[in-house]
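First comes the structure, then the notes that go with it.
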Amino acid sequence: FYYMIAREVPEAIPLPEGMEHYHIPPYTWAVFECHGKVPEAIVKSEMFAFMEWLPQSGYQHAPAPEMEVYFPDSDGDTDDCYTEFWLPVVERQL
């Protein structure tokens, strides 16, 4: 699968060679809190999102990338680390 490491920047800012702008269209996002060491905490939230929450939510996965959101000063190797898993969704079509 295609994996990107990204950060939000205005499109007008020139990027260093080898980097590119990637525009993510506006969507509705289901945001899941992840508490604990990375990657275990994120994997746990992803499994909950896809196996438990999404099937009963009335939503389906939107055609956009999922995001793992890391915050400044977040140490992924500690039990009190906080990150988020963002899942793009649209209302389920019957």
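Here are the numbers:
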| item | result |
| --- | --- |
| Hey, Ile24 under 18 Å from His61 (Cα atoms) and touching a Phe, Trp or Tyr at 6+ places or on another chain (Cβ under 7 Å) or not | no |
| Filter pass, Ala12 being in contact with a strand residue (DSSP E or B) (Cβ under 9 Å, 6 or more places away or on another chain), open to solvent by 60 Å² or more (accessible area, probe 1.4 Å) and not in a helix (DSSP H, G or I) | no |
| The stretch 41-60, residues that are surrounded by 13 or more Cβ atoms within 10 Å (Cβ to Cβ), within 17 Å of the chain's Cα centre (by Cα) and outside any strand (DSSP E or B) | Ala41, Ile42, Lys44, Ser45, Glu46, Phe48, Ala49, Phe50, Trp53, Leu54 |
| Residues that are of a type in the set (Phe, Trp, Tyr) and without any contact (Cβ under 8 Å) to a residue 60 or more places away in the chain, drawn from the stretch 3-36 | Tyr3, Tyr22, Phe32 |
| Residue selected from the stretch 64-94 under the condition in a loop (DSSP other than H, G, I, E, B) and within 16 Å of Met4 (Cβ to Cβ), by the criterion least open to solvent (accessible area, probe 1.4 Å) | Ala64 |
| Count of the stretch 18-40 residues which are open to solvent by less than 90 Å² (accessible area, probe 1.4 Å) and in a helix (DSSP H, G or I) | 0 |
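The values are calculated or read from the model by the stated rules, or taken from the named source; none is laboratory data. Predicted model only: the values in this text are computed from it and were never measured. Ideal geometry is used to build each Cβ from the backbone, glycine not excepted, and the neighbour counts take in all protein chains shown. Heads up: the accessible areas ignore ligands, DNA and RNA and are worked out on the full protein's heavy atoms, side chains in. Shrake-Rupley method; radii C 1.70, N 1.55, O 1.52, S 1.80 Å.
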